């Protein structure tokens, strides 16, 4: 199965990869309802995605449904969790323990998707030396020495925009291999560092723009 996952990653288009968690979320609902099988048509109707697209996406993972029966829910759930890495634990450190950083540490739901925030780092004396949900908060100056002991491979960046690049550089220098960037700053890193940008402000801008277009049509 590990070989299948690696081979699939080599050519799975990013739009397809982004759709897989939606499939898993729906399959989890079915599993909770003790549903045994689901068709691509049913998934398509629930998620407003073309059924042929769903079948194509799942084919990248060598997942095929049975004629007139569909996909076995338990197997589909297991395959998706494995491929997406949600069944494994990935240690992460949070840099920037303000309102957003603290909220992410408190979000115990992230652990269900394989993300284990093991420590927070900040410069504020008000939070350094405290803990959130049992997660210790250290001074940022301790990052390089503590990161190896924490066995963290992911750094979550939730600092002010003017500190974003410096923070990313510190994380990479400490041995971090992937960055989850919550700032609106486009961080620059070496090609071998994985980076995922999740700018809340960008999503707000898109939403406000679309809302304005809808208002114009009314």
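The values are calculated or read from the model by the stated rules, or taken from the named source; none is laboratory data. Remember, predicted model here, so these are calculated numbers, not experimental data. Using ideal geometry, Cβ is built from the backbone for each residue, glycine included, and neighbour counts are taken over all protein chains shown.
Odds and ends about this structure:
- Taking segment 164-218 as the range and being crowded, with 18+ Cβ neighbours inside 10 Å and either assigned to a loop (DSSP other than H, G, I, E, B) or outside the structural domain of residue 103 (by TED's automatic domain parsing) (or both) as the test, the residues that pass are 176, 182, 183, 185, 187.
- If the condition is being in contact (Cβ under 8 Å) with a residue 24 or more places away in the chain, more than 18 Å from residue 172 (Cβ to Cβ) and assigned to a strand (DSSP E or B), then segment 121-153 contributes 122, 132, 135, 137.
- Residue match in segment 89-103 (condition: in a helix (DSSP H, G or I), touching a strand residue (DSSP E or B) at 6+ places or on another chain (Cβ under 8 Å), over 19 Å from residue 24 (Cα atoms) and in the same structural domain as residue 147 (by TED's automatic domain parsing)): yes
- Of all residues in segment 54-68 being in contact (Cβ under 8 Å) with a residue 12 or more places away in the chain and part of a helix (DSSP H, G or I), the one that is nearest to residue 18 (Cα to Cα): 57
- Restricting segment 123-135 to residues that are surrounded by 15 or more Cβ atoms within 10 Å (Cβ to Cβ) and under 22 Å from the mean Cα position of the chain (by Cα), the residue that is farthest from residue 79 (Cα to Cα): 132
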